[in-house]
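The next block holds one structure in the form of structure tokens; read it before the comments.
The values are calculated or read from the model by the stated rules, or taken from the named source; none is laboratory data. The structure displayed is predicted, hence computed values, not measured ones. Cβ coordinates were reconstructed from backbone atoms using ideal geometry, including for glycine residues, and neighbour counts include every protein chain displayed. Ligands, DNA and RNA are stripped out before the accessible areas are found, and what is left, the full protein with its side chains, is counted by its heavy atoms. Shrake-Rupley method; radii C 1.70, N 1.55, O 1.52, S 1.80 Å.
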Amino acid sequence: MSVHLQKLNVLGIRNLKPQNVELSQGLNVLLGANGSGKTSLLEAVSLLALGRSFRTASARSLIQHGSDYCLVQGRVVRSGQQHALGIQRFRNGAAHVRVDGSNAQSLTNLAELLPVVLLDTNSVDLVTGSPEGRRRFLDGTLFHVEQGFLSCWRAYQRALRQRNAGLRRGTLAGDEAWRREMARAGELLTGIRHEWVERLANKTQSLGRDLSTSLEGLTLQFRPGWDVQGSLLAALDERLGSDRQQGFSQTGPHRADVRILVDGRPASEVLSRGQLKLAVTALKLSQGQLLAEAPAGAPLYLVDDIAAELDAEHSLAVCALLSNSHAQIILTSANQSDLERLWPLQSIALFHVEQGSITAKPTGISL
Ligand SMILES: Nc1ncnc2c1ncn2[C@@H]1O[C@H](COP(=O)(O)OP(=O)(O)O)[C@@H](O)[C@H]1O
Ligand SMILES: [Mg+2]
């Protein structure tokens, strides 16, 4: 089983003209010159799935110059059921989310219907960037694969926010209750994270090995965010004086990390740029496999300009893995010969992208 984004409707996204795009259930390829709007279309899908673009943190830069808002709507088939998804984002950051004709409370209502795996050109940030990106990657995956995850994640975040507000103001009346709640939800959250990092690590290790000998020693190491020799409550109690002084909670699952190592050393320090890209690819493909094994089924893969990211041998290997996943894929390419080298053209849905317009092309001998 896999998710299928059947139809996409975009308005006010970067240089894209307002238009409908009908996507195939298998491999969709966007072929077009630099600046034609290929990545913008992937960003539109990312907005619909995650409420944000992978290219920028601010919704504003995604909105077309001269427009007040952008709008993306999609029809998704999931577990045999059709769903209508929509998101509208305004310059001031506000968002309207609609699912099946009703206003939705949160972006998670979109995310749960449209799981995506992103192989974009900023993906290396996952290894070289801050722990926050890795927590988001992990939690965004767990939300799909473990039923109880979202509720304990929310409970922890709420307790943390409330406790920090008290610490900041110096009002400590409720502090003990919030510490207890952080400890309760945080231990649950950590148990789930721990278990799944192990599964992710096994997959990443074997995919890494398959992709390149330089990744043979690739491992993931979970850091829960506090000293797990004792309980989380004990760790919070121990830091009480210093937390009061600092005005925030310095320890706990909100400080967790997944360290990415090669032979025990940080991957970001020992791998070349090209090898780092491969390591991230192994991690993302593993994420895709975990999602595919969950009841929800295989995710939609968004793959931006892989031929420019990886060398010929490795881009071919990654495309073979993607093709075996039998998932829906939207892939971009600036170069027709790369495309012909990587995929058998008969089995793709091909789109030409030109100055923000996307046109379906029949595939065959000549493009
Ligand atoms: N907010 C915006 N409004 C209008 N055009 C934009 C905006 N942001 C970027 N662009 C333009 O959109 C075009 C498409 O970019 P992009 O999707 O990255 O192209 P590709 O991935 O095909 O190389 C670029 O020419 C860029 O200048
Ligand atoms: Mg691009």
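Each residue in region 162-184 was checked for being within 17 Å of ALA256 (Cβ to Cβ) and either in contact with a strand residue (DSSP E or B) (Cβ under 6 Å, 6 or more places away or on another chain) or open to solvent by 70 Å² or more (accessible area, probe 1.4 Å) (or both), and 1 pass. Among the residues of region 348-363, are any more than 16 Å from ligand 2 (Cβ to nearest atom), assigned to a helix (DSSP H, G or I) and of a type in the set (S, T, N, Q)? No.
Based on this model, can you work out whether ILE358 counts as away from ligand 1 (no atom under 16 Å from the Cβ) and of a type in the set (Val, Ile, Thr)? No: the conditions fail for ILE358.
If the condition is being away from ligand 2 (no atom under 16 Å from the Cβ), at pLDDT 90 or above and either crowded, with 23+ Cβ neighbours inside 10 Å or not in a strand (DSSP E or B) (or both), then region 289-311 contributes GLN289, LEU290, LEU291, ALA292, GLU293, ALA294, PRO299, LEU300, ASP311. Within region 316-344, the set of residues being buried (at least 22 other Cβ atoms within 10 Å of the Cβ), of a type in the set (S, T, N, Q) and within 16 Å of ligand 2 (Cβ to nearest atom) comprises THR332, SER333.
Would you mind stating whether ASN9 is open to solvent by 30 Å² or more (accessible area, probe 1.4 Å), part of a strand (DSSP E or B) and either without any contact (Cβ under 8 Å) to a residue 60 or more places away in the chain or touching a His at 6+ places or on another chain (Cβ under 7 Å) (or both)?
Details: open to solvent by 30 Å² or more (accessible area, probe 1.4 Å): yes; part of a strand (DSSP E or B): yes; either without any contact (Cβ under 8 Å) to a residue 60 or more places away in the chain or touching a His at 6+ places or on another chain (Cβ under 7 Å) (or both): no.
Taking the combined requirement at face value, the residue does not satisfy it.
Applying a threshold of 7 Å to beta carbon distances and a minimum spacing of six or more residues, or different chains, the list of pairs starting in region 36-50 at a residue that is within 20 Å of ARG98 (Cβ to Cβ) and without any contact (Cβ under 8 Å) to a residue 24 or more places away in the chain and ending at one that is open to solvent by less than 10 Å² (accessible area, probe 1.4 Å) and near ligand 1 (Cβ under 6 Å from one of its atoms) is empty.
Which residues, counting only those in region 53-87, are basic (Lys, Arg) and within 10 Å of ligand 1 (Cβ to nearest atom)? Full working, then the answer.
Residues of region 53-87 that are basic (Lys, Arg), as a first pass: 55, 60, 75, 78.
Listed by number, the residues that qualify are ARG55, ARG60.
Scanning region 100-125 for residues that are assigned to a strand (DSSP E or B) and more than 16 Å from ligand 1 (Cβ to nearest atom), we see that the one that is most open to solvent (accessible area, probe 1.4 Å) is ASN103.
For region 185-225, filtered to residues that are at pLDDT 95 or above, outside any helix (DSSP H, G or I) and not hydroxyl-bearing (Ser, Thr, Tyr), the residue that is most open to solvent (accessible area, probe 1.4 Å) is ARG223.
Among residues of region 52-69 that are surrounded by fewer than 17 Cβ atoms within 10 Å (Cβ to Cβ), those with a Cβ under 7 angstrom from a residue that is at pLDDT 90 or above, sequence gap 6+ or separate chain, pair up as THR56/LEU62; ARG60/ARG91; SER67/GLY12; ASP68/PHE90; ASP68/ARG91.
Residues of region 15-35 being open to solvent by 50 Å² or more (accessible area, probe 1.4 Å) and either under 22 Å from LEU339 (Cα atoms) or without any contact (Cβ under 8 Å) to a residue 40 or more places away in the chain (or both), which ones? Let's see the steps before the verdict.
Initial filter on region 15-35 (open to solvent by 50 Å² or more (accessible area, probe 1.4 Å)): 15, 17-18, 20, 22, 25, 33-35.
Selection gives PRO18, ASN20, GLU22, GLN25, ALA33, ASN34, GLY35.
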